[in-house]
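Each value in this text was obtained by applying a stated rule to the coordinates, not by laboratory testing. Owing to the predicted nature of the structure, the values given are computational and were not obtained by experimental measurement. Heads up, the Cβs are rebuilt from the backbone with ideal geometry, glycines too, and the neighbour counts pull from every protein chain shown.
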Amino acid sequence: MKLILREDVYNLGNSGEVVNVKDGYARNYLLPRNLAMLASAANIRQLDHEKAVIAVRQAKLKSVAEEAGKKLNGVTVTVTRKVGEQDKLFGSVTALDVAEALAAQGHKFDRRVIHLPEPIRTVGTFEVELRLHRDVHTKVSVTVQGEAAQA
């Protein structure tokens, strides 16, 4: 039986592929779970149309992300935190803090595009990666300044 996969299926194929499977596997597993649909001529035309629409949307998102990346090239943000001994911060600087500092400069981004493997816990200047799109990455310089804690 020929089917079009709606989702990635382990050991079978990826979403959008036309696969040939046994009738029982299709009727008992793939079709009831909406993992696939019959590969009729109408469904194949619909799939081709959806692929074209998705490709156009992804190209537009990529171009928007590239423009935003060009605007962020060379941007430096400053975050001020209270520090204790040996320039250790009380708390840490997270992706949300970097997003807020960027927003204060007029660059609004969701905190999820900011890739910070672990929170910043010391004073200094750090390179932080922004993943604006699957294929578009840029770096922003984050300067963490210390503010003396009141005793």
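Matching the structure-derived P(r) over Cα pairs in 5 Å bins from 0, in percent against the labelled list (1) 1, 9, 19, 21, 19, 14, 8, 5, 3, 1, 0; (2) 2, 8, 14, 13, 10, 8, 8, 8, 8, 7, 6, 4, 2, 1, 0, 0; (3) 2, 10, 21, 24, 22, 14, 6, 1, 0 gives the label (2).
Taking a Cβ cut-off of under 15 Å around GLU85, the surrounding Lys, Arg, Asp and Glu residues balance to a net charge of +2, with basic ones at +1 and acidic ones at -1.
Each Cα pair under 8 Å and six or more residues apart adds its sequence gap; the mean of these over the residue count of region 70-148 is a relative contact order of 41 percent. Charging the Cβ of each Asp and Glu at -1 and of each Lys and Arg at +1, and nothing else, the dipole of region 70-148 about its Cα centre rounds to 300 debye. Exposure proxy ranking for THR138, THR94, based on other Cβ atoms within 10 angstrom of each Cβ and starting from the fewest, stands as THR94, THR138.
With kT/(6 pi eta Rh) evaluated at 20 °C and eta = 1.002 mPa s, and Rh the Kirkwood radius from Cα pairs, region 70-148 diffuses with a coefficient of 167 µm²/s according to Stokes-Einstein.
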